[in-house]
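Take a look at the structure set out below.
The values are calculated or read from the model by the stated rules, or taken from the named source; none is laboratory data. Worth saying up front: this structure is predicted, and the values here are computed from it rather than measured. Quick reminder, even Gly has a Cβ in these numbers, built from the backbone with ideal geometry, and neighbours come from all protein chains shown.
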Amino acid sequence: MGIGILTMASRSIKIPPVFKSIRFLLPALCLLLSPSAGFSETRLERAKAFYEIALSSHEQLKATPIDQQTREQFLAVSETYRRVYFTDPSYGNNTLCLMAIGDLRQEMGRRWNVPKDLEVAVAAYEFLVKEYPGSKFRKEALMTAALIYREDLRQQEKALEQYEKYLESFGKSADADKARLAKDEILNELAARKKELEVSSPSLPATNGLIASNTGSLVRILDVRHWDSPDYGRVVIDMEDEVQYEMGSLENPPRVYIDLRNARASSKLVKSPITVDSDLLKSIRVGQFKSDTSRIVMDLKGPADYTLFELPNPQRLVIDIREKSITETAAVIAPPETQPQPASLPNSSEPSASTASVDSASSSARTDGTEKAEGKIAAIPLQNQPVVEPPAPSVAVTRPAQRNSNGAHSLTRALGLKVGRIILDPGHGGHDTGAIGPSGLLEKEVVLDIAKRLGKLLEERLGSEVVHTRIDDTFISLESRPAMANEMHADLFVSIHMNSSANPKANGIETYYLNFTTDPEALEVAARENAVSKEKISQLEGLVQKIAMSEKIDESHEFATHVQKALGQSLAAGKRRRLNRGVKKAPFVVLVGANMPSILAEISFLSNPEEEKQLRTDEQRQKIAESLFAGVLSYAETLGGVEVASRETADTP
Ligand SMILES: [Zn+2]
């Protein structure tokens, strides 16, 4: 019977370890799919017949539109190739089959985020190298296996072995220098990691270059959220607790990944990749990369820059992805006035003409190699607060008034102001009350009311399109607020808050823009608004310093200056004088990542009994809204058409 022949055949060659587990399935499968059940066929004829089937199914797969290809299809083609060399180990096309298996499994591993497929891929290449020493594919097989070990599986010792084998046989080839360079880099990496392990935890053994888990329970990954616009994406990973992570980028296809150690993704997240399909991001995939490591892969449409920061309570990682080589000059050129778009279709907006021209002028090819950012377990006690699942953000868009209440053309139209769309961000909401006054007035209620009043003024008098980050008592996470503003391509971002102090006499107004500071008072305000400890704020330092390099900071400073001046003129004057505390800078999470001039106004001290009493009145709330409006208008006037045009001339090459 055929079964006997096939079993004999499979035993006559050495089977690499990863193939062994599925070997027992072979005879039955082969019988079902056998091209012919005849007894008289030679093994060679049967192998040839399998090879023909493999080729035609491979062609079919290639002809299938990429979004309709399935992992099962890939698997079927790969299995048919495998049957060829199992049927006749001496068949001439076996090396072609092994290369095809390697390539198919490699693509499967990357597209569906299955490490097992990548392991099968390298096993196929290694098998070829070992069993077919005369094959012309040995060179390519060694190099590809090395790359998979290095970049995908991140098993650096194994990658090193492959590069060494490559150099033994092909030390004088054109790619030998590439292999030598990779080898040196790995040796350096391994040495650095060894040193690090000795310093941080001498008792933990290293396995596969990763730090072994010393705890039985894995941290759960609860959710992955994202916001997207053509040139920007923010991905937030919600977690049960702090984890150690490693982030990096890979090419071909371009992608950014983050490995979370001692972490476990829910099967729902693993099963359903998130299709984004923006101009920047294709999809987000979550996989259990190893038994104790989850990998989140962001598939990109091209090279991109990325930054990452952590936020506690609940624990989350925030990843910002931007088009590579966008110069900061693009950000300071106010985009031309755009047609208002409904909130539900943010992806339909195209990048503004000025931004696009700067992008293409300054885009440059990416260099080879990977970039990595390592995260460390913070030396802070584990937090046991309940995890709050953030609800879907509620956004309200109001259509701009083309004419104001007097029937005149809006100021935006009359002056050609470049503030078509303004995001108003009343702080806090839901379970997050913000500051609480001595008689119980809540910050979240007052700032919501003032934001609504301000929004009305901006629509009526300026003809701007106003978007509120919340219009009711809903909790909205800090990181989602600037992400929303970016997604909607807003021109200005105004976050409205109220101050609080242990000193009941503290009073006055201050306006903040994003920057790092050593001022303890400003840090205290930021710590409170960020809902983190002052110690945690220092973790934002590196990120904020990077942002501070950009000219965007200057725009925000300018914006803050206009708003603070208007607030000061109105509120710091008269009988009940409030202290004009000036423009300040601090690392506010709600301002991190915003692409437009953005400020945070602390409009009063709710902890001051007199200010609290005033804030209960309509008059005071309207007065504050009017002052904020005056500040926005004053800044908007500086963005008139003439000045923007001259800036474009100066900044665009
Ligand atoms: Zn606040």
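Among the residues of region 293-322 satisfying the criterion of being acidic (Asp, Glu) and surrounded by 18 or more Cβ atoms within 10 Å (Cβ to Cβ), which is farthest from the chain's Cα centre (by Cα)?
Among those that are acidic (Asp, Glu) and surrounded by 18 or more Cβ atoms within 10 Å (Cβ to Cβ), it is Glu310.
Within the set of pairs 6+ apart or on separate chains, which have a first residue in region 492-514 that is outside the structural domain of Glu637 (by TED's automatic domain parsing) and touching a residue at least 24 places away in the same chain (Cβ under 8 Å), a second that is within 13 Å of the ligand (Cβ to nearest atom) and in a strand (DSSP E or B), and C-beta atoms under 9 Å apart?
Note: no pairs meet the criteria.
From Tyr149, Tyr91, Tyr132, Tyr125, grab the single residue that is over 30 Å from the mean Cα position of the chain (by Cα), among the aromatic types (Phe, Trp, Tyr) and buried (at least 23 other Cβ atoms within 10 Å of the Cβ).
On the way: Tyr149 fails: over 30 Å from the mean Cα position of the chain (by Cα); Tyr91 fails: buried (at least 23 other Cβ atoms within 10 Å of the Cβ); Tyr132 fails: buried (at least 23 other Cβ atoms within 10 Å of the Cβ).
The conditions single out Tyr125.
Do you know which residues across region 502-533 are basic (Lys, Arg) and away from the ligand (no atom under 16 Å from the Cβ)?
Filtering region 502-533 down to residues basic (Lys, Arg) leaves 505, 528.
Hit for region 502-533 is Lys505, nothing else.
Restricting attention to region 426-434, does a residue exist that is more than 27 Å from the chain's Cα centre (by Cα) and within 12 Å of the ligand (Cβ to nearest atom)?
Yes, region 426-434 contains at least one residue that is more than 27 Å from the chain's Cα centre (by Cα) and within 12 Å of the ligand (Cβ to nearest atom).
Just checking, does region 532-550 include any residue being over 20 Å from the mean Cα position of the chain (by Cα) and crowded, with 22+ Cβ neighbours inside 10 Å?
no
Name, by its number, the condition in (1) of a type in the set (Lys, Arg); (2) in contact with a Lys or Arg (Cβ under 6 Å, 6 or more places away or on another chain); (3) crowded, with 21+ Cβ neighbours inside 10 Å that does not hold for Arg264.
(3)
Starting from region 529-545, take each residue that is among the basic types (Lys, Arg) and list its partners that are at pLDDT below 75, counting only C-beta distances under 9 angstrom and pairs at least six apart or across chains.
Correct list of pairs: Lys536/Ala378; Lys536/Ile380.
Looking for whichever is modelled with pLDDT under 90, under 30 Å from Val589 (Cβ atoms) and not polar (S, T, N, Q) here; the options are Leu218, Leu181, Leu147. Which one fits?
Result of the check over Leu218, Leu181, Leu147: Leu218.
Looking only at region 97-148, which residues are among the hydroxyl-bearing types (Ser, Thr, Tyr) and under 19 Å from Ala179 (Cβ atoms)?
Tyr125, Ser135, Thr144 - these are the residues of region 97-148 that are among the hydroxyl-bearing types (Ser, Thr, Tyr) and under 19 Å from Ala179 (Cβ atoms).
Between Glu443, Glu479, Glu460, which is away from the ligand (no atom under 13 Å from the Cβ), modelled with pLDDT of 90 or more and over 23 Å from the mean Cα position of the chain (by Cα)?
Going through Glu443, Glu479, Glu460 in turn, just one is away from the ligand (no atom under 13 Å from the Cβ), modelled with pLDDT of 90 or more and over 23 Å from the mean Cα position of the chain (by Cα): Glu460.
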